[in-house]
Amino acid sequence: MSEATLDHGPAAPSAETIDNYKLGMWLYLASEVVIFGTLIAVYAVYRLNNAESVQHVQEELGLTLVSINTFLLLASSWAMVLGLREAQKDNPQGTVRWIGLTALLGTIFVALQGVEYTELGHAGIHLGNEYGMRFYAPTAFHGAHVIVGVLWALYVMKQARKGVYNARNFLGIEIFGLYWHFVDVVWIFLFTIIYLI
């Protein structure tokens, strides 16, 4: 190990490495846009052709729980940004704390989504009916992405505790942030199209 590594933590990644990692993440996210776009389009077409039944289901869904969940997910993005900022300030404890909050809020989101699904099941909205298939496909797929993001946040926390991230090396948090913000943006689309329109 060089003295610089001992004194200041891991060396900064090269500009080429940063560009390659970011490009790879953007390409992955582009493929996810295609999948989510297809699921949303299928829902939108169903909604256009079955406006009355969708309106009835939307009354069953209610907005309170999903609005709370939306707030939690947006707050988790804010926490993620603050975690990155703490890494850039050479504060690993701050990074762990804020990324931990991101993971906690994501976990609560998934738990409340489970509560919502249970309530909808009691109301007769399940995979066996036409609306249920079109509702659960995009929302559950999104929920799976949140779960992956929570696990990733836990990994970022573990790396931060080891001192991997600092003011010169925070690429791993930036890549995680791109993913997490994407998950939030997708939820805004789902929330608007499924619950509000």
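Sorting TYR117, TYR28, TYR21, TYR43 by accessible area puts them as TYR21, TYR28, TYR117, TYR43; the probe is 1.4 Å, largest comes first, and only protein heavy atoms count.
A full extension of the chain between ASP19 and ARG168 corresponds to an added length of 52.1 nm, given 0.36 nm per residue minus the alpha carbon distance.
Show HIS145, HIS181, HIS126 ordered by accessible area, largest first, where the area counts protein heavy atoms only and the probe is 1.4 Å. All intermediate terms of the calculation are to be shown ahead of the outcome.
Values: HIS145 15, HIS181 65, HIS126 90 Å².
Of HIS145, HIS181, HIS126, the descending order of accessible area is HIS126, HIS181, HIS145.
Between the alpha-carbon centres of the range 83-98 and the range 146-184 there is a gap of 11 Å. On the chain, 67 percent of the accessible area sits on carbon and sulfur atoms, based on a 1.4 Å probe. For ILE194, the shell of other residues with beta-carbons less than 12 Å away shows a net charge of +1, using +1 for Lys and Arg and -1 for Asp and Glu.
For the range 102-197, the per residue solvent-accessible surface stands at 43 Å², with DNA, RNA and ligands left out and a 1.4 Å probe.
Near MET157, within a Cβ-to-Cβ distance under 12 Å, what is the net charge of the other residues, with Lys and Arg +1 and Asp and Glu -1? My count for the surroundings of MET157 gives +3.
Within the assembled protein chains, the solvent-accessible surface assigned to MET157 is about 20 Å², based on a 1.4 Å probe.
Computed over protein heavy atoms with a 1.4 angstrom probe, the accessible surface ordering of TRP26, TRP152, largest first, is TRP26, TRP152. With the convex hull drawn over the C-alpha atoms of the range 30-98, the volume per residue is 105 Å³. Considering only ASN166, ASN69, ASN129, give the residue with the highest GNM mean-square fluctuation for the chain, with springs between Cα atoms whenever their separation is below 10 Å. It is ASN129. Once both labels are positioned 7 Å from their Cα atoms along Cα-to-Cβ, the gap between GLU59 and GLN93 label points is 5.5 nm. Relative to the longest principal axis of the Cα atoms of the chain, helix 51-61 runs at roughly 60 degrees. Multiplying the residue separation of HIS181 and LEU196 by 0.36 nm and subtracting their alpha-carbon distance yields 3.3 nm. Based on protein heavy atoms only, the range 29-92 ends up with 54 Å² per residue of surface accessible to a 1.4 Å probe. Put a dot 7 Å past the Cα of ALA44, heading toward its Cβ, do the same for HIS122, and the two dots end up 3.4 nm apart. Rolled with a 1.4 Å probe across the full set of protein chains, the surface gives ILE194 an accessible area near 0 Å². Test of understanding: extend the Cα→C-beta vector of ALA51 to 7 Å, then name every residue of the range 180-197 with backbone N under 20 Å from that spot. Under 20 Å, as judged by backbone N against the label point of ALA51, lie 192-197 of the range 180-197.
The values are calculated or read from the model by the stated rules, or taken from the named source; none is laboratory data. All values reported here derive from a predicted model rather than from experimental measurement. Virtual Cβ from ideal backbone geometry, glycine too; neighbours counted across all protein chains shown. SASA here: full protein model, heavy atoms, side chains in, ligands and nucleic acids out. Shrake-Rupley method; radii C 1.70, N 1.55, O 1.52, S 1.80 Å.
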